[in-house]
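> Take this structure first; my questions come after.
The values are calculated or read from the model by the stated rules, or taken from the named source; none is laboratory data. Because the structure is a prediction, the values reported are computed rather than measured. So basically every Cβ, Gly included, is an ideal-geometry build from the backbone, and we count neighbours across all protein chains shown.
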Amino acid sequence: MSHDSWLFSKMATPVSTPFVFLLLLFQSGVWCFPVRQTPQESPTCGYKSCHATKPGMLNVHLVPHTHDDVGWLKTVDQYFYGDRNDIQHAGVQYILDSVVDQLLKNPDRRFIYVETAFFYRWWKQQTDDMQNTVKQLVNEGRLEFVNGGWCMSDEATTHYSAVIDQMTMGLRFLNDTFGHCGRPRVAWHIDPFGHAREHASMFAQMGYDGFFFGRLDYQDRKRRMVAREQEMLWRASESLTPPMADLFTGILPNGYNPPEGFCWDQSCDDPPIRDDPDLEDYNVDDVVTRFLHIAQGQALVYKTNHIIMTMGSDFQYENANLWYKNLDKLIRYVNQKQSNGSEVNVLYSTPSCYLQELHRANLTWPLKRDDFFPYADSAHDFWTGYFTSRPALKRYERISNSYLQTCNQLEVFGGPISRKGPFGAGDSETLKKAMAVAQHHDAVSGTEKQHVANDYARRLANGWAHCQVLVSNTLSSLSGSPAPRVYCEHLNISVCPLTETSKKFSVNVYNPLARPVSWPVRLPVNGTTYSISDAKGKAVDSQVVPVSQATAAVRRDRGYAVNELLFQVQAPPLGYSTYSVSLLQNGPPSPQSSVSLLQNGPPSPQSSVSLLQNGPPSPQSSVSLLQYGPPSPQSSVSLLQNGPPSPQSSVSLLQNGPPSPQSSVSLLQNGPPSPQSSPLPRAPKAIQNKFLRVTFDPETGLLSSLSNLETQQTVKLSQNFYWYNASDGNNSDSIQMSGAYIFRPNTSTPFIISKTAKIETLQNSVVQEVRQWFSPWVSQVVRLYTDSRALELEWTVGPVPIGDDLGKEVISRLDSSINSSGVFYTDSNGREVLQRRKDYRPTWDLKQSEPIAGNYYPINSRAYIKDDQDQLTVVTDRSQGGGSIQDGSLEIMLHRRLLYDDVRGVGEPLNETSDIYPEGLVVRGRLLLSLSPPATAADTHRPLAQEVVLQPLISFTDGELHPSTRLEFSGLQAGLPPAVHLLTVSQWDQDSVLLRLEHQYQASESKEHSQPVTVNLQKLFSTLDVLGVSEMNLSANQWKDEMTRLDWKAESGAMPLPKRGGDPSVWEVNLKPMEIRTFLLRVRQR
């Protein structure tokens, strides 16, 4: 059957569609789909290509491989070309050149390759003859791809959506280039520093038969070796029906290195096999004896008569002849011993060939249900620091993921004009590749050298620049407006030149979620009163508030707005809404909009305040700026001051330098308070909206309680900032230092930054804020928007001071009255939630040696503590590390600044500075808190976390919009049900779109939403007709109905495997809790 006609047969189509039309439709365009093997194709790749093994003998599978980091000590480019060998000798292009040359010299030889980002580059540079030669090697199974993603992703700090994207990209290239024989059968994560259950679930749904990794906790490994449980069946989901998320998992014997004494790379110094008997240093007998000893020892800790040895390591095989010449000899001389009674058989192999033999053994395997975090390689060496390392890069990667999903969606809705339109040529591919590289286990993890981190960020910025053109083209096409679009990427620090200077502009809010969203917008402005209208011309409530001193300090000289314009926007699902903003007043406010300053004591007669509002306040929404602490008699508070304060001014909230000598209260001064500034400021009693009430301790300025007004529940809740003193290695227990990978505090008790906070309070009809100032390098805004069910804590940390020669690991700690009984919960890669218990591991009897670091876990998007009545959930805006060290407590590490390298290879301390912050990096982020009964908590935190991951994209156009401009658009006919998340909408080729629909709730997590739900694909899009549909596996490199995996038996007994309920019709898709379904849609623009 031809490729095109088979595709026609695979694609479900409406019965009423004329056959001729469909045939013409399907024969147009280029199709890049999985290719079914037809009878005339009979390559011997995959399991068919394995060398024969010998029953009754110990079969040793030698796996030649290289581990090529997609950036670490050198950038991706430097690694590929072999540049900067003064840092590390490594050149990937030479590895591939050399390996191919050596494979051709002996058909028995095998090699596996992993990182598609590098292979793709190399492939593009090859001649047609060389490409055909490599295809032949792949078809014969002599060169085999394993894992196959663009990179080998980190497992602690990556979000599942970005992992799926990077795997899809890598596997698609292999599929398009090599067809069936390019598809990896085995997932291979030999270097990541701990392993996430969600990764195993994804790998299972991508069709992998097995998974091998190199690193696990030293105590866990020791127990598994004794029990011969280094190979197991990982049941990686509590919601998906087995074996949907079951994955056979094996732990490699030497990490990913060769056995000691058997490394024959040019980077090693082990002796070669000297097999000339006339030589004085002939060593064949010694080599064989040592090898047999190692093999027999390894066999004692594995379950079958097959063992695997990884023959290679980081960037090895640049001169592959060294390896293969010695491996050929090793195989020959060890196997010759069989004639003298040896029962060891050595062979060239691959992970899939080894896996096949384990499957043929037909054994039962231990069942694993939790994950492999945290990872320690010694008693005081917990790899839990990288959960937080490089927090700014972690946030930028998360924002870039949101940009990419928006870019992908608008490429679909815009059609060809998106890629070539009024603003030039744009593409999504550049950002896709940059995001894929950023998932690498030394990228978003924060464990790379500083110049490499800079390179990852540069790639993301370049990718977004390409996407901006595409987005502008599509929005211009959809809206009918040719006006240039402006993107302000520093809104979090109140920088946007257009809004700071323009008297009239429009705000376009694009929502990448499949449900309507309401989102607070804060724009830097210099005016004092604005009018805002929505897409229907209706006036929108807005407020103008002063920029905080913390923000003015962190933005340095990148912006000069003195105010922020606040308003709430609504945007339709997968669509945009447009808001028009006009400056009404640029000077002092009208008398009606003046606001009183509330103090602990009567103001002095001279005291005046300017805080501006769009119209007179209603009685309920009075606008007040609350200052606590006695002002000096001369105090004049100038909140909107744009120049130096008058000589009398004692309190200048926007002052950008030291206060005048007379100052008695410096609320957000960027330096230590003067002695005269006591007594301490007093906090407000409470801020509240219709959903939440938050109280403060008036003596300390700290949080004191949180109430959910809908459910009538209250918990005591305080929050403060602390730092752990990072170990410098000068310690009697261990010389281990804290570094990019390792978290090792010197003491279990963190240092408090300040027991009190200086307070500035701001209340209006849009938001209520308590601005807290803890020290010159730590501040926070406790923020409650009028319509929000979550309390926002916007923290700003840095530059972390190191003048005392102490490295610091900074945390935000929440202490509550919740009786959490030593248990807390974290998400796995942003999806399913796992229970964590203090000083405990589910699979072995833990001997705890690091009471803080040994209780830290990765928090990708949320963590919570709960008891029978209350659940306090924290949603994060990036991956961070955290723990629950005391009952009722939850701490999250925000920032790390360290003075020593932790001796894990990166070779430099984690001490981030930049041109803008030469004295140390400043990081800003948000924690979102919700309080709910445990039974309904997911109804709040699931959609909230998705809003943070896929946030609206805001763009601006200057001046008046043309009257015919389309101010609102939705790419969907209607919002999807609350349980459904639209994970992927991406252009696959000219006439087809990749679609992923996800049930975002776990089984039993929500009474209302943990139910099956149905989506009609034909009624999904508003601008696309869906003409055909075919379901694929998660990584879109196999047809779903052809995806077969090896079956494995678990020791705990086989579970009944109920058949999956069918879909109601070919167009109606049924989703069960935690299920992701992937479709290729044949579409036509309406």
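> Among the numbered criteria (1) among the hydrophobic types (A, V, I, L, M, F, W, C); (2) in contact with a strand residue (DSSP E or B) (Cβ under 8 Å, 6 or more places away or on another chain); (3) modelled with pLDDT under 95, which single criterion is violated by Ala245?
(3)
> Consider His941 carefully, then state whether it is assigned by TED's automatic domain parsing to the domain that holds Glu1068, closer than 30 Å to His1009 by Cβ and under 27 Å from the mean Cα position of the chain (by Cα).
Considered against the rule, which asks whether it is assigned by TED's automatic domain parsing to the domain that holds Glu1068, closer than 30 Å to His1009 by Cβ and under 27 Å from the mean Cα position of the chain (by Cα), His941 comes out as no.
> Give all pairs with beta carbons closer than 9 Å in which a residue from the stretch 102-113 that is without any contact (Cβ under 8 Å) to a residue 40 or more places away in the chain meets a residue that is surrounded by fewer than 22 Cβ atoms within 10 Å (Cβ to Cβ) and in a loop (DSSP other than H, G, I, E, B); count only pairs at least 6 apart in sequence or on separate chains.
So the pair list comes out as Pro107/Glu140.
> Looking at (1) in contact with a Pro (Cβ under 6 Å, 6 or more places away or on another chain); (2) part of a strand (DSSP E or B); (3) under 30 Å from Ile916 (Cβ atoms), which one does Phe567 not meet, given that it meets all the others?
It fails just one condition, (1).
> Moving to a separate point now. For the stretch 768-783: of the residues being of a type in the set (A, V, I, L, M, F, W, C), in a strand (DSSP E or B) and surrounded by fewer than 24 Cβ atoms within 10 Å (Cβ to Cβ), which is nearest to the chain's Cα centre (by Cα)?
Val781
> Follow-up question, since we're still on this one. Yes or no: Ser820 buried (at least 18 other Cβ atoms within 10 Å of the Cβ) and over 28 Å from Asn401 (Cβ atoms)?
Criteria met by Ser820.
> Considering each residue of the stretch 888-908, count those that are under 25 Å from Arg831 (Cα atoms) and part of a loop (DSSP other than H, G, I, E, B), and give that number.
1
> Of all residues in the stretch 947-963, how many are in a loop (DSSP other than H, G, I, E, B) and either modelled with pLDDT of 95 or more or among the aromatic types (Phe, Trp, Tyr) (or both)?
Summing the residues that are in a loop (DSSP other than H, G, I, E, B) and either modelled with pLDDT of 95 or more or among the aromatic types (Phe, Trp, Tyr) (or both) in the stretch 947-963 gives 4.
> State whether the residues of the stretch 967-989 include one that is in contact with a helix residue (DSSP H, G or I) (Cβ under 9 Å, 6 or more places away or on another chain), crowded, with 22+ Cβ neighbours inside 10 Å, β-branched (Val, Ile, Thr) and farther than 14 Å from Gln946 by Cβ.
yes
> So, one more: Checking Leu478 against (1) surrounded by 20 or more Cβ atoms within 10 Å (Cβ to Cβ); (2) part of a loop (DSSP other than H, G, I, E, B): exactly one of these is not met. Which one?
Failing condition for Leu478: (2).
> Taking the stretch 220-235 as the search range and keeping residues that are surrounded by 16 or more Cβ atoms within 10 Å (Cβ to Cβ), out of contact with any Ser or Thr (no Cβ under 9 Å at 6 or more places or on another chain) and not charged (D, E, K, R), which one is farthest from Thr364 (Cα to Cα)?
So, considering only residues that are surrounded by 16 or more Cβ atoms within 10 Å (Cβ to Cβ), out of contact with any Ser or Thr (no Cβ under 9 Å at 6 or more places or on another chain) and not charged (D, E, K, R), the one farthest from Thr364 (Cα to Cα) is Met225.
> List pairs: first in the stretch 305-326 and small (Gly, Ala, Ser), second part of a strand (DSSP E or B) and surrounded by 21 or more Cβ atoms within 10 Å (Cβ to Cβ), Cβ under 6 Å, 6+ apart or cross-chain?
Gly312/Pro64; Gly312/His65
> Mind telling me which of the residues Pro107, Pro55, Pro64 ends up being surrounded by 24 or more Cβ atoms within 10 Å (Cβ to Cβ) and not charged (D, E, K, R)?
The unique qualifying residue is Pro64.
> Does Asp427 satisfy the criteria of being surrounded by fewer than 18 Cβ atoms within 10 Å (Cβ to Cβ) and in a loop (DSSP other than H, G, I, E, B)?
Considered against the rule, which asks whether it is surrounded by fewer than 18 Cβ atoms within 10 Å (Cβ to Cβ) and in a loop (DSSP other than H, G, I, E, B), Asp427 comes out as yes.
> Restricting attention to the stretch 377-398, report how many residues are under 11 Å from the mean Cα position of the chain (by Cα) and aliphatic (A, V, I, L, M).
The number of residues fulfilling the criteria is 1.
> Related question: Please determine, by comparing only the residues of the stretch 108-160 that are in a loop (DSSP other than H, G, I, E, B) and among the polar types (S, T, N, Q), which one is nearest to Met206 (Cα to Cα).
Taking the candidates together, the pick is Asn147.
> Can you name the condition, by its number, that Val547 falls short on among (1) closer than 25 Å to Ala483 by Cβ; (2) at pLDDT 95 or above?
In the conditions (1) closer than 25 Å to Ala483 by Cβ; (2) at pLDDT 95 or above, Val547 misses (1) alone.
Here is a yes/no grid of residues against (1) within 30 Å of Thr551 (Cα to Cα); (2) modelled with pLDDT of 95 or more; (3) assigned to a loop (DSSP other than H, G, I, E, B); (4) of a type in the set (D, E, K, R):
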residue: Leu910; (1), (2), (3), (4): yes, yes, yes, no
residue: Asp915; (1), (2), (3), (4): yes, no, yes, yes
residue: Leu928; (1), (2), (3), (4): yes, yes, no, no
residue: Thr936; (1), (2), (3), (4): no, yes, no, no
residue: Ala945; (1), (2), (3), (4): yes, yes, no, no
residue: Ala974; (1), (2), (3), (4): no, yes, yes, no
residue: His981; (1), (2), (3), (4): no, yes, no, no
residue: Val993; (1), (2), (3), (4): no, yes, no, no
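> Just a yes or no: is a residue in the stretch 856-877 modelled with pLDDT of 95 or more, aliphatic (A, V, I, L, M) and not in a strand (DSSP E or B)?
Looking for residues that are modelled with pLDDT of 95 or more, aliphatic (A, V, I, L, M) and not in a strand (DSSP E or B), one finds none in the stretch 856-877, hence no.
> Which residue pairs have Cβ atoms closer than 9 Å, lie 6 or more positions apart in sequence or on different chains, and pair a first residue in the stretch 966-978 that is over 21 Å from Tyr579 (Cα atoms) and in the same structural domain as Pro1073 (by TED's automatic domain parsing) with a second residue that is aromatic (Phe, Trp, Tyr) and assigned to a loop (DSSP other than H, G, I, E, B)?
Pro978/Tyr1001
> Please go through the stretch 786-814 and give me each residue that is under 30 Å from Glu912 (Cα atoms), over 25 Å from the mean Cα position of the chain (by Cα) and surrounded by fewer than 20 Cβ atoms within 10 Å (Cβ to Cβ), ordered by number.
Once the filter is applied, which keeps residues that are under 30 Å from Glu912 (Cα atoms), over 25 Å from the mean Cα position of the chain (by Cα) and surrounded by fewer than 20 Cβ atoms within 10 Å (Cβ to Cβ), the stretch 786-814 yields Pro801, Ile802, Gly803, Asp804, Asp805, Leu806.
> Give the residues of the stretch 502-554 that are buried (at least 19 other Cβ atoms within 10 Å of the Cβ) and among the aromatic types (Phe, Trp, Tyr), sorted by residue number.
Phe505, Tyr510, Tyr530
> For the stretch 58-107, which positions are in a strand (DSSP E or B) and within 24 Å of Thr447 (Cα to Cα)?
Matches in the stretch 58-107: His65, His67.
> Okay, next question. So, Ala453, is that one assigned by TED's automatic domain parsing to the domain that holds Leu523 and either free of Cβ contacts under 8 Å to residues at least 12 places away in the same chain or in a helix (DSSP H, G or I) (or both) or not?
Against the criterion (assigned by TED's automatic domain parsing to the domain that holds Leu523 and either free of Cβ contacts under 8 Å to residues at least 12 places away in the same chain or in a helix (DSSP H, G or I) (or both)), Ala453 qualifies.
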